[in-house]
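*Asks:* The structure's right below; bear with me while I get my questions together.
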Amino acid sequence: MIGLLPIKGYGLPQELIEDLKRNLDAYFGEFGLNVELMPEIDIKPFLDSYDELRGQFLASTIAYRIARIRGDFKALLGITDVDLYERGMNFVFGVAIPPLRSAIISIYRLDPRFYREPYNYEKLGERTLKEAVHELGHVFGLPHCPDPKCVMHFSNSIFDTDFKGWRFCEKCEEKIKYNIDRLTEGRGND
């Protein structure tokens, strides 16, 4: 089972979270994993990961922290609405810590309004799903993929995210099936 943990900064849209849960549940159900929506928590416990000069939160710090509450989940994906970064990068849409099977994504830069475009729920939902599947792919051992249409292709910008699909390419799908099978049969790290 995959845990989905909403982490509220400004206000996560409940409908978006529920749609993401439903879509992840359907897709990862194909690999034998269901998704459980956890109760929303506040960003306040992660304020020490906030960089005032940047106005952003260090994503890996949040991902490491939420790994502590992963429990029996095969993976834990946090979703927030605050701006994230990693050292050496201006921003990130998300980050994964594969050995701890945890990841965090942010809708902050996925929202069309960030780019001064009109609000578009469908576009936000599609971008969110792509980033969630991408980071969960990393959690389950997938590297970046050279296929620009594969969800595992690296997104250097929102244009890359919009161009790629939300599913694994054939090669990545084979790898993730193998990795998830190993994990669910108890041969992976628990």
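*Asks:* When the Kirkwood hydrodynamic radius is evaluated over all pairs of different C-alpha atoms of the chain, what value in angstrom, to one decimal, is obtained?
*Replies:* Numbers: mean 1/r = 0.0607 Å⁻¹.
Every distinct Cα pair counted, the radius reaches 16.5 Å.
*Asks:* Choose one answer from Phe31, Phe93, Phe159: the residue with the largest mean-square fluctuation in a GNM of the chain with alpha-carbon springs under 10 Å.
*Replies:* Largest GNM mean-square fluctuation: Phe159.
*Asks:* Report Rg/Rh for region 7-85, rounded to two decimals, where Rg is the Cα radius of gyration and Rh the Kirkwood radius. Display every interim value, and only then the final one.
*Replies:* Values: Rg = 13.7 Å, Rh = 13.8 Å.
Reported Rg/Rh (Cα atoms, Kirkwood Rh): 1.00.
*Asks:* May I ask which residue of Cys145, Gly78, Val133 lies farthest towards the positive end of the charge dipole of the chain, with charges of +1 (Lys, Arg) and -1 (Asp, Glu) on Cβ and the Cα centre as origin?
*Replies:* Cys145
*Asks:* With +1 assigned to the C-beta of every Lys and Arg and -1 to the C-beta of every Asp and Glu, and no other charges, what is the dipole magnitude of region 49-190 about the Cα centre in debye, to the nearest 20? Working shown, then result.
*Replies:* Values: 21 positive and 21 negative charges, 46 e Å.
Charge dipole of region 49-190: 220 debye, to the nearest 20.
*Asks:* Enter the accessible area per residue of region 1-58 (Å², integer; probe 1.4 Å; all protein chains in place).
*Replies:* Numbers: 3080 Å² over 58 residues.
Result: 53 Å² of accessible area for each residue.
*Asks:* Can you list residues whose amide H is under 5 Å from Gln56's amide H, if they're 5+ apart or on another chain and H is modeled 1.01 Å from N?
*Replies:* Those lying under 5 Å, H to H, from Gln56 are Asp51.
*Asks:* List the residues, sorted by chain then number, that are 5 or more residues from Ala75 or on another chain and whose placed amide H is less than 5 Å from its amide H.
*Replies:* Gly3
*Asks:* Using only alpha carbon pairs under 8 Å that are at least six residues apart, calculate the relative contact order of the chain and give it in whole percent. Let's see the in-between values first.
*Replies:* Values: 332 pairs, mean separation 33.6, N = 190.
Contact order relative to length: 18 percent.
*Asks:* Still on this structure: Output wanted: per-residue J couplings in Hz (rounded whole) for region 64-79, from phi through Karplus 6.51 cos²θ - 1.76 cosθ + 1.60, θ = phi - 60°, x for Gly and Pro.
*Replies:* 5, 5, 6, 4, 5, 10, 4, x, 8, 5, 6, 7, 10, 10, x, 9
*Asks:* Short version: ³J(HN,Hα) in whole Hz for each residue of region 159-172, in order, from phi by Karplus 6.51 cos²θ - 1.76 cosθ + 1.60 (θ = phi - 60°), x for Gly and Pro, what are they?
*Replies:* With the stated coefficients, region 159-172 comes to 5, 5, 4, 5, 6, 6, x, 9, 10, 6, 5, 4, 5, 5 Hz.
*Asks:* Quick one: accessible surface of Asp42, probe radius 1.4 Å, all protein chains present, in square angstrom to the nearest 10.
*Replies:* About 50 Å², rounded to the nearest 10.
*Asks:* With a cut-off of 8 Å between alpha carbons and a minimum separation of six or more residues, what is the relative contact order of region 30-94 in percent? Mind dumping the intermediate values first?
*Replies:* Details: 44 pairs, mean separation 17.1, N = 65.
Computed over region 30-94, the figure is 26 percent.
*Asks:* Then there is this: Please turn the phi angles of region 7-24 into ³J(HN,Hα) values with the Karplus equation 6.51 cos²θ - 1.76 cosθ + 1.60 (θ = phi - 60°), one per residue in order, whole Hz, x for glycine and proline.
*Replies:* Rounded to whole hertz, the list is 10, 7, x, 9, x, 7, x, 4, 4, 4, 5, 5, 5, 4, 4, 4, 5, 5.
*Asks:* Of the options Phe163, Phe114, Phe91, report the single residue whose Cα projects farthest towards the positive end of the charge dipole of the chain (beta-carbon charges: Lys, Arg +1; Asp, Glu -1).
*Replies:* So the residue we want is Phe91.
*Asks:* On to the next question. Expressed as a whole percentage, what fraction of the accessible surface of the chain belongs to carbon and sulfur atoms when a 1.4 Å probe is rolled over the protein heavy atoms?
*Replies:* 50 percent
*Asks:* Once amide H atoms are built 1.01 Å from N in the peptide plane, which residues 5 or more positions from Arg167, or in another chain, come under 5 Å H to H?
*Replies:* Val151
The values are calculated or read from the model by the stated rules, or taken from the named source; none is laboratory data. All values reported here derive from a predicted model rather than from experimental measurement. Positions of Cβ are generated from backbone atoms using ideal geometry, with glycine treated the same way; all protein chains shown enter the neighbour counts. Ligands, DNA and RNA are stripped out before the accessible areas are found, and what is left, the full protein with its side chains, is counted by its heavy atoms. Shrake-Rupley method; radii C 1.70, N 1.55, O 1.52, S 1.80 Å.
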